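Comments concern the structure below.
The values are calculated or read from the model by the stated rules, or taken from the named source; none is laboratory data. All of these numbers come straight from a predicted model, not from anything done at the bench. Cβ placement follows ideal geometry from the backbone for every residue including glycine, while neighbour counts extend to all protein chains displayed. Ligands, DNA and RNA are stripped out before the accessible areas are found, and what is left, the full protein with its side chains, is counted by its heavy atoms. Shrake-Rupley method; radii C 1.70, N 1.55, O 1.52, S 1.80 Å.
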Amino acid sequence: IDYYLVKKIIEDDTLGNIKQNPGFEDPNDDFTFAAHWGHWDYGSDPATTFLWDFTNPHSGNACGAIEQNGGGWGMIHRHLAAPTGSKGFDGLLRGFVKTENVVGGSGAYIGYGYSAGEVPDGLFGTNDYTKVIAYATLGGGKYVCCLLGRIGEKVSGKARFDDVTVS
């Protein structure tokens, strides 16, 4: 029954998802990136480039992108909190990843958390968007992360992320 509920009913449900710009369409206050999402790199030299990318979205008008030239890893993230008064919830995450020339580390992925133990191996060199699904019980909340590499890894290439939703 769990498999049926998750895979057959909730998988493409976008009701109750991350309400604010799940497809990265809404801008932040200074129009430099998607609203409600943060980004950072760790140890990259030169620094990672984060783009609010209008050139190659999966759907809608824009996607979030990371371009890494080696030496570190990059992450686009936002915190997903449990509803007020609850102790947690089950969350089904869905998103799309497209990569270009990604080498090194664990590739590109969308998941809950950002350490190597929390997110499985990712994607390398996909020519089209690949759907990613992750299911987890979220206690007090969790980070939803679009990753290019993991903590302690060195990776290079470009990854685009789009239509990230949590039901």
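Structure summary
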| quantity | calculated |
| --- | --- |
| Checking residue 96 against (1) buried (at least 19 other Cβ atoms within 10 Å of the Cβ); (2) modelled with pLDDT under 90; (3) within 20 Å of residue 131 (Cα to Cα), the condition it does not meet | (2) |
| Counted residues, region 27-57 - those being surrounded by 14 or more Cβ atoms within 10 Å (Cβ to Cβ), among the polar types (S, T, N, Q) and assigned to a loop (DSSP other than H, G, I, E, B) | 4 |
| Scope region 138-153; condition more than 21 Å from residue 90 (Cβ to Cβ) and over 11 Å from the mean Cα position of the chain (by Cα); matching residues | 149, 150, 151, 152, 153 |
| Meets criteria (out of contact with any Ser or Thr (no Cβ under 9 Å at 6 or more places or on another chain), within 17 Å of residue 22 (Cβ to Cβ) and touching a residue at least 60 places away in the same chain (Cβ under 8 Å)) for residue 133 | yes |
| Boolean, residue 135 is at pLDDT below 85, of a type outside the set (Asp, Glu), open to solvent by 60 Å² or more (accessible area, probe 1.4 Å) and within 11 Å of the chain's Cα centre (by Cα) | no |
| In region 141-152, the residues that are open to solvent by 30 Å² or more (accessible area, probe 1.4 Å) and modelled with pLDDT under 85 | 142, 151, 152 |
| Residues of region 58-72 classified as open to solvent by less than 40 Å² (accessible area, probe 1.4 Å) and out of contact with any Leu (no Cβ under 8 Å at 6 or more places or on another chain), total | 5 |
| Candidates 76, 151, 110 - the one that is among the hydrophobic types (A, V, I, L, M, F, W, C) and not in a strand (DSSP E or B) | 151 |
